[in-house]
1. With the condition kept exactly as written, say whether any residue in segment 161-178 is aliphatic (A, V, I, L, M) and not in a strand (DSSP E or B).
2. Of all residues in segment 106-148, which are free of Cβ contacts under 8 Å to residues at least 24 places away in the same chain, in a helix (DSSP H, G or I) and more than 22 Å from the chain's Cα centre (by Cα)?
3. If you check A32, A60, A39, which single one turns out to be away from the ligand (no atom under 16 Å from the Cβ) and at pLDDT 95 or above?
4. Which of the residues belonging to segment 12-34 are closer than 30 Å to V133 by Cβ and out of contact with any Ser or Thr (no Cβ under 9 Å at 6 or more places or on another chain)?
5. Which members of segment 31-54 meet the condition of being closer than 27 Å to L209 by Cα and either loosely packed, with under 15 Cβ neighbours inside 10 Å or in contact with a Leu (Cβ under 9 Å, 6 or more places away or on another chain) (or both)?
6. Could you list all residues from segment 251-287 that are within 9 Å of the ligand (Cβ to nearest atom) and surrounded by fewer than 12 Cβ atoms within 10 Å (Cβ to Cβ)?
7. Are any residues in segment 210-239 modelled with pLDDT under 95 and of a type in the set (S, T, Y), and if so, which ones?
8. Go through (1) in contact with a helix residue (DSSP H, G or I) (Cβ under 9 Å, 6 or more places away or on another chain); (2) in a helix (DSSP H, G or I); (3) more than 23 Å from Q19 (Cβ to Cβ) and name the single condition D218 misses.
Amino acid sequence: MTVLANAFSWSHSRHAVFQTCLKRYFFAYYAAWGGWASAAPAPAREAYRLKRLATRQQWAGHHAHGAIEYLLKNARRDPALAAGAETRQIELMRQEFRDSRAGAYRGDPARIPGLFEHEYQLEVPPAEWKATVDRVVAAVRNFLASDLWRDLQTQPDEAFLATERRASFLLDGLKVLAVPDLVVRRNGRVQLYDWKTGTADPEEHRTQLGVYALLALDRWTAAPEEIEAVVFNPVRGQRTEFSFAGGELETIREFIRDSADEMLFPLAHPETNDPGDGREFECTAVEASCKTCPFLRICPRWTT
Ligand code: SF4
């Protein structure tokens, strides 16, 4: 079996997992590698299957993103499609919920979503599941009622530079991944949007938006003052704008370099991104982090 090389790259989400728990980071970025292939060794397939699980909060966020992506790509000129977006998304969620409850993801985790609550047989009251779907409904309704949606509907197709497109840039040879939810060019400015459906203070996302700004400098403009980044929370109908001066962007570059160095440190062979047997990656001492960790089933903290 030929497995793609697991080349090292940096992303803000990878940084967040690394900071949460080294063992979780090892499972997600090394143990699970190649586990999508049916011929992969059983431990890799198990780690991959667990990696693909989503908590109901993550699932709601994913569907809010999916609904907005659908609207932007298909419904900007079609009021009927826009009006049907809510029903369409609820139906998708119903189907995924039923499939997950039946364990369908175990046979095909790459394509069929699985819910953490089903994998670990957590008792979640029906009202809680309904509240999860209601968050997505609120996100779709608020987005459709927003000034932002009205404005985006008036923009020409060529103004849309990227919608949920995986992208990367090189920082001193290091590949940095970034996926802004939407990038639009308007009035000579590059506007980067990130949809957030949680309750965190938008300011907590500043560094992530700064990474998107670095991507924009690589791809769409050479001038930091032309970049505007926006966190838009469609559940709360809240919009927060950020701009980045050159000095702050240099600080973010430095942050990425330092973070990548930290990530490479526990590897057995950093030059080949070889983690060894994972022994150097310790379990977090913060038990609260384990409560929603998909790797509970295989984590030595809980199995030995
Ligand atoms: S269960 Fe806890 S200790 Fe184990 S990998 Fe997950 S977060 Fe880390």
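1. To start, the set of residues in segment 161-178 that are aliphatic (A, V, I, L, M) comprises 161-162, 167, 170-171, 174, 176-178.
Those left that are additionally not in a strand (DSSP E or B): none.
Checked segment 161-178: no residue is aliphatic (A, V, I, L, M) and not in a strand (DSSP E or B).
2. Of everything in segment 106-148, those that are free of Cβ contacts under 8 Å to residues at least 24 places away in the same chain, in a helix (DSSP H, G or I) and more than 22 Å from the chain's Cα centre (by Cα) turn out to be P126, A127, K130, D147.
3. On the way: A32 fails: away from the ligand (no atom under 16 Å from the Cβ); A39 fails: at pLDDT 95 or above.
Going through A32, A60, A39 in turn, just one is away from the ligand (no atom under 16 Å from the Cβ) and at pLDDT 95 or above: A60.
4. S13, A16, V17, F27, A28, A32
5. Those that are closer than 27 Å to L209 by Cα and either loosely packed, with under 15 Cβ neighbours inside 10 Å or in contact with a Leu (Cβ under 9 Å, 6 or more places away or on another chain) (or both): L53, A54.
6. Within segment 251-287, A285, V286, E287 meet the criteria.
7. Once the filter is applied, which keeps residues that are modelled with pLDDT under 95 and of a type in the set (S, T, Y), segment 210-239 yields only T221.
8. Every listed condition holds for D218 apart from (1).
The values are calculated or read from the model by the stated rules, or taken from the named source; none is laboratory data. Keep in mind the model is a prediction, meaning the values are calculated, not measured. Cβ atoms come from the backbone with ideal geometry, glycine included; neighbour counts cover every protein chain shown.
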